[in-house]
1. When you scan region 510-536, how many residues do you find that are outside any strand (DSSP E or B) and either of a type in the set (A, V, I, L, M) or touching a helix residue (DSSP H, G or I) at 6+ places or on another chain (Cβ under 9 Å) (or both)?
2. Given the conditions (1) in contact with a strand residue (DSSP E or B) (Cβ under 9 Å, 6 or more places away or on another chain); (2) loosely packed, with under 15 Cβ neighbours inside 10 Å; (3) assigned to a loop (DSSP other than H, G, I, E, B), which single one is not true for Thr149?
3. Could you tell me whether Glu362 is farther than 16 Å from Phe509 by Cα and not assigned by TED's automatic domain parsing to the domain that holds Val55?
4. Being surrounded by fewer than 17 Cβ atoms within 10 Å (Cβ to Cβ), outside the structural domain of Val209 (by TED's automatic domain parsing), over 23 Å from the mean Cα position of the chain (by Cα) and at pLDDT 95 or above is the requirement here; does Ser353 meet it?
5. From the list Lys235, Lys244, pick out the single residue that is in the same structural domain as Thr292 (by TED's automatic domain parsing), surrounded by fewer than 22 Cβ atoms within 10 Å (Cβ to Cβ) and either within 30 Å of the chain's Cα centre (by Cα) or among the hydroxyl-bearing types (Ser, Thr, Tyr) (or both).
6. On the given criteria, is Thr389 in the same structural domain as Lys423 (by TED's automatic domain parsing), modelled with pLDDT under 95 and polar (S, T, N, Q)?
7. Take region 314-329 and flag every residue that is buried (at least 20 other Cβ atoms within 10 Å of the Cβ), modelled with pLDDT of 95 or more and in a loop (DSSP other than H, G, I, E, B).
8. Among the strands (runs of 3 or more DSSP E) confined wholly to region 187-284, which include 2 or more residues that are touching a residue at least 60 places away in the same chain (Cβ under 8 Å) and in contact with a Lys or Arg (Cβ under 6 Å, 6 or more places away or on another chain)?
Amino acid sequence: MKITQTLISVLTVFLLLSCRSQQQNIVKMQSDNGDGTYTNPVVAADFPDPDVILVDDVYYFVSTTMFVFPGVTILKSYDLVNWEYCCNVVERFDFSPCYNLEGCNRYSHGQWATSLKYNNGKFHLLFITLDEGGFYCTANKAEGPWKITHLPRGFYDPGLFFDDDGKIYVAHGYCEISITEVDSNLVAKGEDVLVYNGDIRKGLEGAHVYKINGYYYLYCTYGGLDGFQVALRSKNIYGPYEQKVVIRDTTHGPNYGIHQGALIQTQTGEWWTMLFVDSGPFGRFPSLQPVTWQDGWPMVGVDGKAVVTYKKPDVRKEYPSKILPTSDEFETAKLGMQWGWNHNADSTKWSLSKNPGYLRLETVKIVKNLSEARNTLTQRMFAYYSDSTATVGTVKMDFDNMKEGDIAGLAIFQDPYAYIGIKKINGQNYVIMVNNGKTIDSVAIDAKEIYLRADPFYGSGAAMYYGGETVPGTGTATFSYSLDNKSFTEIGNEMQMQFKLTVFTGNKFCLFNYATKELGGYVDFDWFRVTPIVKK
């Protein structure tokens, strides 16, 4: 009897642990822990430069997408932890041929840090591009449609502010922060007024403007990998301002160098801030932190340190957990909002309807390499909340209609980039692996369709998200192929992923097809699937 009871107890514990393990596998991409707490980052992917506002019990989050369109992504949430796609504000950007990769490009340029506000029943969004200047977008609903206006001038890292007396201001600048009064069209009404010189080190930027309890606050960052957040405050919009460091945390782990973002007050009166962290090759991840007001200053985190796991914000009720989509079967009439084109797409050269259930990519122009290719479809890579778990992307591709010299396949794109694909040479199809511009390996095959896999990994895994000793840096990736989606063969060598400012977005999965000799070829992608694989 005792042996039976002991056996039952052991089996019960085993089943509970198994269920817990399976449950953890289900929520690996979730910040929400399901027990009233969350774990940072709230989204483990490249959503930098956040601005967050609350409108009618819904939180809206805008981030930087630079040269990817549709872009200027807005997420929405009901609890600041579980986020879903709301819209991409800018469908395409037709203000320079460089956005069409016509002899030039906008890598590391394009849309930068954006200010999001809601005033008089409208959503307002202000951003700058380094080459084209300022842009002002408005909409009655966050989902759009959005109207975009090219302004006479730009404001670097703008912080749009609607004062309670009807006046409108923009805070902006790098190292030197200025205030400019603007009219209802966001056109400057006078000269810029310098209100503060960054005096801790170079790099004061990312100003967001708030008016709280009679003070004007400029919520700014001293940027960089070890960035930190400050608040400037004054009773007058034009100063003089005093300065306070509100968080400076360089503890190795998920909040190393946490900085730049927004202050948010919940419906229940709690204060929070959404900042971001440079998180290695996958990009810059948003981190949600509690705020405590001390002597009129918004102090971030707990005891001077940013939190990793913490109680969720009190928003009066509980909401279901969310995971942003990644995999796609290409069975809908529109691309999912997780996708964006590398620069503007040529809409006549891709389709979800010419072969229903497939994404067709036709070659657009003859180019030398992937970075010049039009109609490269991209999406962010997501990290996981457990150690040694990698994000693996697999695609099924029909390549029977490629032309001589065409190259199509699956890439990981930053600087450097690498890919696995099919290249047609003298009528023969080859599986090739290209790394940092060099063809590392090629294998002739006799087939019409293939499964291609990219396997990126952080190196020591996602331990950095649980306070491990991994400082954001490089990661690795391998590539493999299969003819039956069961047995995969690695090809080429290991890619050393990096995050470089020459591109300035996190590494992305890419589906591509480009011509090197003649036009007219196309490939059909049946599906793209992202799955977790535990590294041992």
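1. If we filter region 510-536 for residues that are outside any strand (DSSP E or B), which is where we start, we get 516-521, 535-536.
Remaining after also requiring either of a type in the set (A, V, I, L, M) or touching a helix residue (DSSP H, G or I) at 6+ places or on another chain (Cβ under 9 Å) (or both): 519, 535.
Counting residues in region 510-536 that are outside any strand (DSSP E or B) and either of a type in the set (A, V, I, L, M) or touching a helix residue (DSSP H, G or I) at 6+ places or on another chain (Cβ under 9 Å) (or both) gives 2.
2. The number of the failed condition is (3).
3. Numbers: farther than 16 Å from Phe509 by Cα: yes; not assigned by TED's automatic domain parsing to the domain that holds Val55: yes.
Judged against the criteria, Glu362 is a match.
4. On the way: surrounded by fewer than 17 Cβ atoms within 10 Å (Cβ to Cβ): yes; outside the structural domain of Val209 (by TED's automatic domain parsing): yes; over 23 Å from the mean Cα position of the chain (by Cα): yes; at pLDDT 95 or above: yes.
So Ser353 fits the description; yes.
5. On the way: Lys235 fails: either within 30 Å of the chain's Cα centre (by Cα) or among the hydroxyl-bearing types (Ser, Thr, Tyr) (or both).
Being in the same structural domain as Thr292 (by TED's automatic domain parsing), surrounded by fewer than 22 Cβ atoms within 10 Å (Cβ to Cβ) and either within 30 Å of the chain's Cα centre (by Cα) or among the hydroxyl-bearing types (Ser, Thr, Tyr) (or both) holds for just one of Lys235, Lys244, which is Lys244.
6. Spelling it out, Thr389 is indeed in the same structural domain as Lys423 (by TED's automatic domain parsing), modelled with pLDDT under 95 and polar (S, T, N, Q).
7. At the first step, the residues of region 314-329 found to be buried (at least 20 other Cβ atoms within 10 Å of the Cβ) are 322, 324, 326, 328.
The next check asks that each one be modelled with pLDDT of 95 or more; those that pass are 324, 326, 328.
Those that are buried (at least 20 other Cβ atoms within 10 Å of the Cβ), modelled with pLDDT of 95 or more and in a loop (DSSP other than H, G, I, E, B): Leu324, Thr326.
8. Details: elements: 193-197, 204-212, 215-222, 228-234, 242-247, 259-265, 271-278.
In region 187-284, 215-222, 271-278 are the strands (runs of 3 or more DSSP E) which contain 2 or more residues that are touching a residue at least 60 places away in the same chain (Cβ under 8 Å) and in contact with a Lys or Arg (Cβ under 6 Å, 6 or more places away or on another chain).
The values are calculated or read from the model by the stated rules, or taken from the named source; none is laboratory data. Keep in mind that what you see is a predicted model, and the values were worked out from it rather than measured. Every residue, glycine among them, receives a Cβ derived from its backbone with ideal geometry; neighbour counts consider all protein chains shown.
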